[in-house]
Amino acid sequence: MSLKLWGVLLCLPSAMSMAQSAPAVAPGAMQPDQVERTILPSHPIPTGKAPSMKVKMVSDQNGQKTYAVIFRKGDEILSGLTDFAMQYHVVDAHFTGIGAVSSATVGWLDLSRKLYHAIPVNEQVEVVSMMGDIATFNGKPVVHAHMVFAKHDGSTVGGHLWEANVNPTVEVFVTADAAPLDKVPDDASGMKIIDPTK
């Protein structure tokens, strides 16, 4: 018998032993060290987490104001936009943004469970799309944003924004209108949605 064949036969017992000791995991199933993280639509947004945020009004025409809201390294975007809306009394706005972040959490809404599945982004990424709006619920501003990030290999990930930590900057341009927009509870989704009739 050749040495090559003996080598194959000698390797077989250890390979079979490894296969028998490894736990069976169904395709697509979560590994034991992975825990599904979910977020309720009513999850509160903390304030005061964007200490380096700077704001400048760049246009004021016919009751419509445009602001440049600039974030620096370490600022958290959703917290900062909430602080901005409170400080500048924004009751109706839409915005876009561009920049880069070191980490983020976005989510996908599971309507059947009325909650978001968290999608963590744990690396430096480019903000290739950011858009959203600001309306009010019970007299307080609510920021609703979606973001898409590009990774180092060009692949993208995105969803409903829950957290984004800036590095080195994110530049957001907010257009605010004078007429307020109010949100109302939506029992079907568990969310608060804009009702333009209010």
Some residue of the stretch 180-193 being under 23 Å from M57 (Cα atoms) and surrounded by fewer than 21 Cβ atoms within 10 Å (Cβ to Cβ): yes
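Report yes if some residue within the stretch 135-154 is under 23 Å from Q87 (Cα atoms), among the charged types (D, E, K, R) and surrounded by 15 or more Cβ atoms within 10 Å (Cβ to Cβ); otherwise report no.
Taking the stretch 135-154 first, the residues under 23 Å from Q87 (Cα atoms) are 135-146.
Next, only the ones that are among the charged types (D, E, K, R) stay: 140.
Okay, now just the ones that are also surrounded by 15 or more Cβ atoms within 10 Å (Cβ to Cβ), so none.
There is no residue in the stretch 135-154 that is under 23 Å from Q87 (Cα atoms), among the charged types (D, E, K, R) and surrounded by 15 or more Cβ atoms within 10 Å (Cβ to Cβ).
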Within the stretch 43-129, strands (runs of 3 or more DSSP E) holding 2 or more residues that are under 14 Å from the mean Cα position of the chain (by Cα) and surrounded by fewer than 22 Cβ atoms within 10 Å (Cβ to Cβ): 93-110, 115-121
Condition broken by V174, with the remaining ones in (1) over 26 Å from K56 (Cβ atoms); (2) buried (at least 19 other Cβ atoms within 10 Å of the Cβ) satisfied: (1)
Selection from the stretch 130-163 of residues that are within 11 Å of the chain's Cα centre (by Cα) and over 15 Å from P44 (Cα atoms): M130, H146, M147, V148, F149, V157, G158, G159
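The rows are residues; the columns are (1) under 30 Å from K73 (Cβ atoms); (2) part of a loop (DSSP other than H, G, I, E, B); (3) not β-branched (V, I, T).
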site: V148; (1), (2), (3): yes, no, no
site: D153; (1), (2), (3): yes, yes, yes
site: W162; (1), (2), (3): yes, no, yes
site: V166; (1), (2), (3): yes, no, no
site: F173; (1), (2), (3): yes, no, yes
Among the candidates A150, A100, residue that is under 19 Å from M53 (Cα atoms), at pLDDT 95 or above and not acidic (D, E): A100
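Just to be sure I understand, how many residues within the stretch 119-157 are of a type outside the set (V, I, T) and closer than 30 Å to A179 by Cα?
Initial filter on the stretch 119-157 (of a type outside the set (V, I, T)): 120, 122-124, 126, 129-133, 135, 137-141, 144-147, 149-155.
Still in the running and closer than 30 Å to A179 by Cα: 129-133, 135, 137-141, 144-147.
Residues flagged as of a type outside the set (V, I, T) and closer than 30 Å to A179 by Cα within the stretch 119-157 amount to 15.
The values are calculated or read from the model by the stated rules, or taken from the named source; none is laboratory data. For clarity, every value in this text was computed on a predicted model and none was experimentally measured. Note that each Cβ is placed from the backbone with ideal geometry, even for glycine, and that neighbours are counted across all protein chains shown.
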